[in-house]
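A short write-up of the structure that comes next.
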Amino acid sequence: MYRFFPDIEMRAYPIEDYPCKSKSAAAIMLMIMNNLDPSVAQFPQELVTYGGNGQVFSNWAQFWLAMQYLSEMTEEQTLVMYSGHPLGLFPSHRYAPRLVITNGMVIPNYSSRDEYEKMFALGVTMYGQMTAGSYCYIGPQGIVHGTVLTVLNAGRRYLKAEDLSGKVFVTSGLGGMSGAQAKAAVIAGCVGIIAEVDEAALMKRYKQGWLMEISNNLDHCIARLRDARKNKIALSLGYHGNVVDLWERLAYELDTTGELLADLGSDQTSCHNPFSGGYYPVQLGFEEAKQLLSTNPGKFRTLVQESLRRHVAAINRLTDKGMFFWDYGNAFLLEAQRAGADVEKKGANKTEFRYPSYVQHIMGDIFSLGFGPFRWVCTSGDPQDLATTDSIAMSVLEDSIRRGVSTSVKQQYNDNIRWIREAGRHSLVVGSQARILYSDQRGRVSIAIAINRAIAEGRIKAPVVLSRDHHDVSGTDSPYRETSNIYDGSAFCADMAVQNFVGDAFRGATWVALHNGGGVGWGEVINGGFGLVLDGSTEAEERAKMMLSWDVSNGVARRCWSGNDYAYETICQAMKDNAALKVTLPQKVVDENILEQALKS
């Protein structure tokens, strides 16, 4: 339906520019257009925001119909979206969500990759990734912040280092979300070497200033790595080539010189979609591989799996000598295992591999403290409004530290205060005037209240949309990523994400979304998100208090019940702060032999 492709500049316009009967509807239109902004979206003509196939709609006719409905919507109607299809406006009430989205809600027995391809071709379902199909993407800034925190905390855990200068981080991918890795490496203070096969993606990040240098020569890359490592220079170097070649060259340097040149490693290819262009085999050049994918997908699949085996073999060689590697939740280890690569962890359960996911070893405990990727968008489009919200957020976190928090919470607050300062200095805004920070329940609610009051006082010129990544404390059930550190047997259950979607809807969210797929791929995850419009009203403040509290406590309570000590402490503190909150707590087994003793008796 390319004939419906809009003949307009696609971007987030100031909220006052949208024809509407409801400011909430105008805010949604702004967020939709931001997701399709060419400077933000990966393949905007295909309505793909990120991840290779994460769509806003299935076709441009759906875009026009949704925008028409939103322009007509009143505060007593709700727009219902079925996997990109605008089902229509239905009567509701002013306290109900203005928009309810579901993407890919397929009966479980039919939620396979092959069935998806058929249903997508028929136009009856859609892969919304996470914030693509929920209209809440804010460009690569979101993943920059998460990657900064991941790299910083990886340094603390694996290298016992607060200062990462001179440390080398090797990874791949400079596309939709993976493009953030280069900027994150520099903010974290390390040397980042990122491989990318697609020259267009590489050049996009270079022109944006997110990559400091680019090269297609491995000899040059190794020389620059050595120099930056020796002189402790923060560097982001994009290698135009296949990451397998890069890993194998690093293994060769180890074998021939005895020098381990990489300290930390990961991967952000779109491995959730490995046989449809998410991962390119090392045996072929980029254009040749694309041609083979089109003409002989079976042969392409065989080469991809062979490439994954080589990929892992090189990484294993380096980790045997002290490098630390983690899976970034893109299904890399899952697909490598399916390809027959050596990623098995003996005696482990099915969600564990030779290397941990970044949630298992790094971000999981942060989630259990209630911290996750909270974000907001200033709908005025004015950078000064964003600067005001940055100042408000820093003041809130600094005030919380002064009033007293635990050591672990204080560390997270300080990391985020540092982040806000660095974000302004590094010009991270792409598309809408947005900011992200990792915050806990107290921080999110306090920041929301402070921003809402600033709108009421006229210090912020227009409404602000609150949101978060689905990749959060409560938003996603994903046994190979967000819930991979839940070991009570419930990692494959999706109650948390579904309950979160429902609970957000009746606690005040302006819109809610629930998706099959996202991050690790179709059929592997259930996740949801929300948007909440702050307009300076007392009602908006009450909605924010109620909804944001639930949006965090739900996941912390679930993680507490699964046995996480951080979550136990966090939910107990939340119950002290709010007498109306009563959570079922687990009882620790003091004597691990109690079951055996009971059976004997």
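The values are calculated or read from the model by the stated rules, or taken from the named source; none is laboratory data. Every value quoted in this text rests on a predicted model; they were computed, and no experiment measured them. Here Cβ is always computed from backbone atoms with ideal geometry, including for glycine, and neighbour counts include all displayed protein chains. The protein model used for the area step is the full one, side chains on, heavy atoms only, and it has no ligands, DNA or RNA in it. Shrake-Rupley method; radii C 1.70, N 1.55, O 1.52, S 1.80 Å.
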(request) State yes or no: is ASP163 open to solvent by 60 Å² or more (accessible area, probe 1.4 Å), farther than 25 Å from VAL304 by Cβ and at pLDDT below 95? (result) yes
(request) Answer yes or no as to whether SER270 is in a helix (DSSP H, G or I), modelled with pLDDT under 95 and either surrounded by fewer than 20 Cβ atoms within 10 Å (Cβ to Cβ) or not charged (D, E, K, R) (or both). (result) no
(request) Within the range 110-160, work out how many residues are of a type outside the set (Phe, Trp, Tyr) and buried (at least 19 other Cβ atoms within 10 Å of the Cβ). (result) 29
(message) On the basis of being within 19 Å of the chain's Cα centre (by Cα) and open to solvent by 10 Å² or more (accessible area, probe 1.4 Å), does LYS183 make the cut?
(response) yes
(request) Please work out which residue is surrounded by the fewest Cβ atoms within 10 Å (Cβ to Cβ), limiting yourself to the range 475-499 and to residues that are of a type in the set (Asp, Glu) and within 17 Å of THR102 (Cβ to Cβ). (result) ASP495
(message) Given the criteria more than 28 Å from ALA182 (Cα to Cα) and open to solvent by less than 10 Å² (accessible area, probe 1.4 Å), does GLY508 qualify?
(response) yes
(message) Quick check on LEU99: is it at pLDDT 95 or above, farther than 17 Å from GLY431 by Cβ and surrounded by 15 or more Cβ atoms within 10 Å (Cβ to Cβ)?
(response) yes
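Which residues, counting only those in the range 1-38, are among the acidic types (Asp, Glu) and in a loop (DSSP other than H, G, I, E, B)?
Of everything in the range 1-38, those that are among the acidic types (Asp, Glu) and in a loop (DSSP other than H, G, I, E, B) turn out to be ASP7, GLU9, ASP37.
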(request) Would you be able to say whether some residue in the range 38-45 is touching a Lys or Arg at 6+ places or on another chain (Cβ under 9 Å), open to solvent by 50 Å² or more (accessible area, probe 1.4 Å) and on the phi < 0 side of the Ramachandran plot? (result) yes
(request) Hey, could you check the range 514-555 for residues that are of a type in the set (A, V, I, L, M) and within 18 Å of ARG481 (Cβ to Cβ) and say which is most open to solvent (accessible area, probe 1.4 Å)? (result) ILE526
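Taking the condition under 19 Å from ILE107 (Cα atoms), of a type outside the set (Phe, Trp, Tyr) and either modelled with pLDDT of 95 or more or not in a helix (DSSP H, G or I) (or both), does HIS515 pass?
Considered against the rule, which asks whether it is under 19 Å from ILE107 (Cα atoms), of a type outside the set (Phe, Trp, Tyr) and either modelled with pLDDT of 95 or more or not in a helix (DSSP H, G or I) (or both), HIS515 comes out as yes.
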(message) Go through (1) open to solvent by 10 Å² or more (accessible area, probe 1.4 Å); (2) within 24 Å of ARG3 (Cβ to Cβ) for ILE107 and report which single condition fails.
(response) (2)
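Tell me yes or no: at least one residue of the range 59-72 is open to solvent by less than 40 Å² (accessible area, probe 1.4 Å), touching a residue at least 60 places away in the same chain (Cβ under 8 Å), in contact with a strand residue (DSSP E or B) (Cβ under 6 Å, 6 or more places away or on another chain) and of a type in the set (S, T, N, Q). Walk me through how you get there before you give the answer.
If we filter the range 59-72 for residues that are open to solvent by less than 40 Å² (accessible area, probe 1.4 Å), which is where we start, we get 59-63, 66-67, 70-71.
Imposing the further condition that a residue be touching a residue at least 60 places away in the same chain (Cβ under 8 Å) reduces the set to 59, 61.
After this cut, where a residue has to be in contact with a strand residue (DSSP E or B) (Cβ under 6 Å, 6 or more places away or on another chain) as well, the list is none.
No, that holds for no residue.
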(message) Could you tell me how many of the residues in the range 302-322 are farther than 23 Å from ALA201 by Cα and out of contact with any Lys or Arg (no Cβ under 9 Å at 6 or more places or on another chain)?
(response) 11
(message) For the range 302-324, which positions are of a type in the set (A, V, I, L, M, F, W, C), part of a helix (DSSP H, G or I) and open to solvent by 40 Å² or more (accessible area, probe 1.4 Å)?
(response) ALA313
(request) Could you check, for the range 280-289, whether at least one of its residues is among the hydroxyl-bearing types (Ser, Thr, Tyr) and assigned to a helix (DSSP H, G or I)? (result) no
(request) Name every residue in the range 445-463 that is within 18 Å of GLN412 (Cα to Cα) and crowded, with 24+ Cβ neighbours inside 10 Å, in order of residue number. (result) ILE447
(request) Evaluate the following for LYS299: is it at pLDDT 95 or above, surrounded by fewer than 18 Cβ atoms within 10 Å (Cβ to Cβ), outside any helix (DSSP H, G or I) and more than 24 Å from the chain's Cα centre (by Cα)? (result) no
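Looking only at the range 562-586, count how many residues are within 28 Å of VAL100 (Cβ to Cβ) and open to solvent by 20 Å² or more (accessible area, probe 1.4 Å).
4
Given the options ASP365, ASP327, name the one that is surrounded by fewer than 23 Cβ atoms within 10 Å (Cβ to Cβ), at pLDDT below 95, under 28 Å from THR570 (Cβ atoms) and not aliphatic (A, V, I, L, M).
Of ASP365, ASP327, the one residue that is surrounded by fewer than 23 Cβ atoms within 10 Å (Cβ to Cβ), at pLDDT below 95, under 28 Å from THR570 (Cβ atoms) and not aliphatic (A, V, I, L, M) is ASP365.
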(message) Among the residues of the range 464-474, what is the count of those that are open to solvent by less than 10 Å² (accessible area, probe 1.4 Å) and either β-branched (Val, Ile, Thr) or within 11 Å of the chain's Cα centre (by Cα) (or both)?
(response) 6
